[in-house]
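The values are calculated or read from the model by the stated rules, or taken from the named source; none is laboratory data. Because the structure is a prediction, the values reported are computed rather than measured. Methodologically, a virtual Cβ is constructed for each residue, glycine included, from the backbone with ideal geometry; neighbour enumeration extends over all protein chains shown. Just the protein is used for accessible areas: all its heavy atoms, side chains included, with ligands, DNA and RNA removed. Shrake-Rupley method; radii C 1.70, N 1.55, O 1.52, S 1.80 Å.
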Amino acid sequence: MTIEKKNIVIMWFANFLVAASATMVLPFLSLYIKTLGDFSDAYVQQWAGYVFGVTFLVAFLFSPIWGRFGDKYGRKKILVITSAGIGISVLLMGFVTSVTELFILRAFMGVVTGFIPMSAALISAQCKKETAGRTLGTLQTGTVSGGLCGPLLGGMLADTVGFQYTFTLTGAVIILASLLVLFGINEVVFKEANDEENKVYTRKEVIMHIFKSPILMSVMLISLVIQAANFSIQPLLALYVHELTRTENLAFLAGFAFSVTGLGNLVATRRWGSLGDKIGHGKVLIILLFTSALFFIPQALVTELWQLIILRFLFGLQIGGLLPCMTAYIRQLAPLSIQGEVLGYNVSFRFLGNVIGPVMGGVIAAAFGIGMVFYISGFLLVISAVFLWVSVARESKRIQEKKTNMSA
């Protein structure tokens, strides 16, 4: 087995462990807060939102920093540091005695939340541009699989052994992932023939490189929109399912409607990445944004739960290709020496979308109803597709004009 293939296999399992462990504790965070004191329901709901959201907010600020450190000092080192940091923070959550301590640990978790994007940067730098989409799509299946299994395993563990042992076991599993990377990964640093690929960039130069590339800026904004659209409905999904059915198994059905999107993601992600390698990742991204809106907007019109589940599965098939294609596109657009930092900024935009989405969805639903959330979020996906279409067309025209001038 080649070093590249071995690294992909190890990072697949590491991503699975980290994604599963990170999502294990999410289903019962609000229940855990209740055990920390005699609080009102309003207090618990308010602090559950704070404790959940602070991780993404802090990660938004720190992702580019980890990316820059990875480019400079080696991505394997950052993977070990971030996974160990996440593991320790989760482990300590089982021993908190107040909501404030839990909030601080979740904030610290945001500081070190850079494992999964850094793993994509490491694998991206070690694979050929021509096969980056397929390779990164394969890697993402590990993340998606972990994200699907995590909440289920977390709920089962919490019911069986209690909250404290669940946090302890979860933290231990993440630390295991850091050891897997430490002893299993061989980081190969490639040097491109093109001097531009190996140039050392200052932070200001990296930011200017992003701003001067309309396509890179489009990809960053699309990352924000995708996450905002997806997260806009997630906190409201249980309420929406309740409107469609009056069954007693509401929590299970809401969880199923949530997870079926991830199932669609898992089924399609590798295939979309392979298609991007063949016809161009920009084209695939444009197609996926339009089709995502096509299956997202009609969710506002369903009258039965089975209709919602089918549409959410079809929506999951589309968004499954967005992340590997965006990462592979960045692999093509950004010099190798700044891959990690550019991916870090891209992840920052995603985390910002994670924060904006639930707030946007709540405000829209309160004013106009849950159905309007699907319409507005779907409209944002269409706008993003048009924006990227224009950017790609302009870039193609610029490259063609440059070739014409050189041959003249």
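Among (1) of a type outside the set (D, E, K, R); (2) surrounded by 19 or more Cβ atoms within 10 Å (Cβ to Cβ); (3) on the phi > 0 side of the Ramachandran plot, where does A20 come up short?
Just one mismatch for A20, condition (3).
I'm trying to understand the selection: among the residues of the stretch 199-217, which are surrounded by fewer than 17 Cβ atoms within 10 Å (Cβ to Cβ) and either over 14 Å from W389 (Cα atoms) or among the hydrophobic types (A, V, I, L, M, F, W, C) (or both)? Talk me through it step by step, then tell me what you get.
Here is the first cut: in the stretch 199-217, the ones surrounded by fewer than 17 Cβ atoms within 10 Å (Cβ to Cβ) are 199-200, 202-205, 207-208, 211-212, 214, 217.
K199, V200, T202, R203, K204, E205, I207, M208, F211, K212, M217 - these are the residues of the stretch 199-217 that are surrounded by fewer than 17 Cβ atoms within 10 Å (Cβ to Cβ) and either over 14 Å from W389 (Cα atoms) or among the hydrophobic types (A, V, I, L, M, F, W, C) (or both).
Name the pairs whose Cβ atoms lie under 7 Å apart, with the first residue in the stretch 1-13 and surrounded by fewer than 13 Cβ atoms within 10 Å (Cβ to Cβ), the second part of a loop (DSSP other than H, G, I, E, B), and 6 or more positions between them or separate chains?
Short answer, once both residue conditions are applied: I3/N186; I3/V188.
Of all residues in the stretch 37-63 being crowded, with 17+ Cβ neighbours inside 10 Å and more than 18 Å from the chain's Cα centre (by Cα), which is farthest from V80 (Cα to Cα)?
Only one residue tops the list, namely V44.
Can you say whether T113 is polar (S, T, N, Q), open to solvent by less than 40 Å² (accessible area, probe 1.4 Å), under 16 Å from the mean Cα position of the chain (by Cα) and farther than 14 Å from A177 by Cβ, as far as the supplied structure shows?
Against the criterion (polar (S, T, N, Q), open to solvent by less than 40 Å² (accessible area, probe 1.4 Å), under 16 Å from the mean Cα position of the chain (by Cα) and farther than 14 Å from A177 by Cβ), T113 does not qualify.
Please indicate, with yes or no, whether at least one residue in the stretch 269-282 is open to solvent by 40 Å² or more (accessible area, probe 1.4 Å), modelled with pLDDT under 85 and either of a type in the set (V, I, T) or within 30 Å of G362 (Cβ to Cβ) (or both).
There is no residue in the stretch 269-282 that is open to solvent by 40 Å² or more (accessible area, probe 1.4 Å), modelled with pLDDT under 85 and either of a type in the set (V, I, T) or within 30 Å of G362 (Cβ to Cβ) (or both).
Of the residues G344, G320, G357, G340, only one is farther than 30 Å from R203 by Cβ, touching a residue at least 12 places away in the same chain (Cβ under 8 Å) and within 22 Å of the chain's Cα centre (by Cα); which? Walk me through how you get there before you give the answer.
Details: G344 fails: farther than 30 Å from R203 by Cβ; G357 fails: farther than 30 Å from R203 by Cβ; G340 fails: farther than 30 Å from R203 by Cβ.
Within the list G344, G320, G357, G340, the selection yields G320.
State the number of residues belonging to the stretch 183-192 that are of a type in the set (A, V, I, L, M) and either at pLDDT 90 or above or within 11 Å of I3 (Cβ to Cβ) (or both). Spell out how you get there, then give the answer.
Within the stretch 183-192, the subset of a type in the set (A, V, I, L, M) is 185, 188-189.
Imposing the further condition that a residue be either at pLDDT 90 or above or within 11 Å of I3 (Cβ to Cβ) (or both) reduces the set to 185, 188.
Number satisfying all stated conditions: 2.
Return the total of residues in the stretch 224-245 being touching a residue at least 24 places away in the same chain (Cβ under 8 Å), closer than 20 Å to I356 by Cβ and aliphatic (A, V, I, L, M). Working first, answer last.
Just the residues of the stretch 224-245 that are touching a residue at least 24 places away in the same chain (Cβ under 8 Å), to begin with: 224-236, 239-241, 243-245.
Subsequent filtering for residues that are closer than 20 Å to I356 by Cβ retains 224-236, 239-240.
Those still in the list that are aliphatic (A, V, I, L, M) too: 224-226, 228-229, 233, 236, 239.
The number of residues fulfilling the criteria is 8.
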